[in-house]
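> Take this structure first; my questions come after.
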Amino acid sequence: MKTGELATLAGCPVETVRYYEKSGLLHAPLRGENNYRHYDHTHVERLMFIRRCRALDMTQDEIRALLEAKESQEPHCGKIDAIISEHLHHVQQRIQELQALEQQLKALNQHCNADRSMSECGILRELKEPTEGDNSLLEIPNGHLAGVHSH
């Protein structure tokens, strides 16, 4: 099948297929007449696996590690369990960060109302220079970037 057919079967744009191929997650297809890419059922299965992992917010490195473990000759799946356990830890950490962010936004929202002029906007004032003693309002997390985890 051609790239468009693979993309349709996997429910993604053609650009996604090319991206995963370029990143090495999806194996390069055979080239046929006119240099067209020709994919087979193994590409569909692998692309669907990648897409399911991405739906779980896994990084490319995590997906790559899962694929390598899946294709290894290991008799046990301990490595796969470890990858998922570590990812779960990242998700739990992110949930805590999001809950803290929610509290910060609620606190920030208390500093203003829509009836003030822009020059009197308490939200903008707090973003520029937090009120003394309100250091928790805009804490910047250490080590973990919002929306991203390493690995």
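Read the figures in this text as sums done on the coordinates, not as results from a lab. Bear in mind that the values here come from a model prediction, so they are computed numbers and not experimental data. Positions of Cβ are backbone-derived with ideal geometry, glycine not excepted, and every protein chain shown enters the neighbour counts.
> Test Glu21 against the criterion of being surrounded by 12 or more Cβ atoms within 10 Å (Cβ to Cβ) and either of a type outside the set (A, V, I, L, M) or under 21 Å from the mean Cα position of the chain (by Cα) (or both), and give yes or no.
Numbers: surrounded by 12 or more Cβ atoms within 10 Å (Cβ to Cβ): yes; either of a type outside the set (A, V, I, L, M) or under 21 Å from the mean Cα position of the chain (by Cα) (or both): yes.
For Glu21, the condition - surrounded by 12 or more Cβ atoms within 10 Å (Cβ to Cβ) and either of a type outside the set (A, V, I, L, M) or under 21 Å from the mean Cα position of the chain (by Cα) (or both) - is met.
> Here's a follow-up. Out of region 25-60, which residues are of a type outside the set (A, V, I, L, M) and assigned to a loop (DSSP other than H, G, I, E, B)?
Taking region 25-60 first, the residues of a type outside the set (A, V, I, L, M) are 27, 29, 31-43, 45-46, 49, 51-54, 57, 59-60.
Within region 25-60, His27, Pro29, Gly32, Tyr36, Tyr39, Asp40, Asp57, Thr59 meet the criteria.
> Pairs only if they're at least six apart or on different chains, beta carbon under 7 angstrom, first in region 94-121 and without any contact (Cβ under 8 Å) to a residue 40 or more places away in the chain and within 30 Å of Met58 (Cβ to Cβ), second among the hydrophobic types (A, V, I, L, M, F, W, C) and part of a loop (DSSP other than H, G, I, E, B); list them, first residue then second.
Listed pairs, sorted by first residue: Gln104/Leu137; Gln104/Leu138.
> Consider region 1-24. How many of its residues are part of a helix (DSSP H, G or I), of a type outside the set (Ser, Thr, Tyr) and without any contact (Cβ under 8 Å) to a residue 24 or more places away in the chain? Full working, then the answer.
Narrowing region 1-24 to residues part of a helix (DSSP H, G or I): 3-10, 14-23.
Adding the requirement that they be of a type outside the set (Ser, Thr, Tyr) leaves 4-7, 9-10, 14-15, 17-18, 21-22.
Of the ones still in play, those that are also without any contact (Cβ under 8 Å) to a residue 24 or more places away in the chain are 4, 7, 14-15, 18, 21-22.
So the count comes out to 7.
> State the number of residues belonging to region 35-63 that are more than 13 Å from Gly11 (Cα to Cα) and of a type in the set (A, V, I, L, M).
Looking only at that region, the number is 3.
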